[in-house]
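**Student:** I'd like to ask you about the structure that follows.
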Amino acid sequence: MQITWQVSNEAEEIQEFFILYKPVAEKEIWSFKKTKTQEATLLPLQPGTDYMLRIVGYSTSEQVYASGVVGFLTSAGEQIEMFSNSLFPKTVSCCPMPMTEDKFSLAL
């Protein structure tokens with residue numbers, strides 16, 4: 001699955017991103033992908049499985065920015081459906097820690 005995201009112009013320059021993801025049923029073990037760009041391919045994913053995903057970015061001044069947790073469902077036909085505890089649009093705005101301003105938007 002290919003994901004892309006955008007960082008707000010208000011955020012500091014991000015040096016690297018960590019994409020954390022796991023099946024919802026998994027209690028503790030998160031997989032991760034490290035990248036310096038605003039895109040990543042998550043492999044391997046299990047078909048017909050609910051996943052949770054979060055993006056964490058580190059700036060040059062060691063600020064940490066994190067998205068909210070986003071859910072998605074894989075299917076046997078490679079289609080992805082997003083879900084969460086609340087209603088999310090297809091692009092999800094996320095907040096950094098500890099600030100409250102939106103800095104990330106994510107598209108699956």
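The values are calculated or read from the model by the stated rules, or taken from the named source; none is laboratory data. What you see is a predicted model, and the numbers here were worked out from it, not measured in a lab. Cβ coordinates were reconstructed from backbone atoms using ideal geometry, including for glycine residues, and neighbour counts include every protein chain displayed.
**Student:** List the residue pairs whose Cβ atoms are under 7 Å apart, where the first residue sits in region 33-62 and is on the phi > 0 side of the Ramachandran plot and in a loop (DSSP other than H, G, I, E, B), the second is modelled with pLDDT under 90 and of a type in the set (Val, Ile, Thr), and the two are 6 or more positions apart or on different chains.
**Tutor:** Cβ pairs passing all conditions: Gly48/Thr74.
**Student:** If we keep just the residues of region 1-16 that are among the aliphatic types (A, V, I, L, M) and not in a loop (DSSP other than H, G, I, E, B), which is nearest to the chain's Cα centre (by Cα)? Show your work before the answer.
**Tutor:** Of the residues in region 1-16, the ones among the aliphatic types (A, V, I, L, M) are 1, 3, 7, 11, 14.
When the remaining residues are screened for being not in a loop (DSSP other than H, G, I, E, B), the result is 3, 7, 14.
Working: Ile3: 8, Val7: 12, Ile14: 15 Å.
Only one residue fits best here, namely Ile3.
**Student:** Would you point out the residue of region 42-55, among those that are touching a Phe, Trp or Tyr at 6+ places or on another chain (Cβ under 8 Å) and farther than 17 Å from Glu28 by Cβ, that is surrounded by the fewest Cβ atoms within 10 Å (Cβ to Cβ)?
**Tutor:** Within region 42-55, the first condition is being touching a Phe, Trp or Tyr at 6+ places or on another chain (Cβ under 8 Å), and the residues that meet it are 42, 45, 50-55.
Remaining after also requiring farther than 17 Å from Glu28 by Cβ: 42, 45, 55.
Details: Leu42: 18, Leu45: 15, Ile55: 26.
Checking each candidate, the answer is Leu45.
**Student:** If you don't mind, another one. So which residues in region 1-22 are buried (at least 16 other Cβ atoms within 10 Å of the Cβ) and closer than 15 Å to Val70 by Cβ?
**Tutor:** As a first pass, look at region 1-22 and keep what is buried (at least 16 other Cβ atoms within 10 Å of the Cβ): 1, 3, 5, 7, 11-12, 14, 17-22.
Met1, Ile3, Trp5, Phe17, Phe18, Ile19, Leu20, Tyr21, Lys22, listed by residue number.
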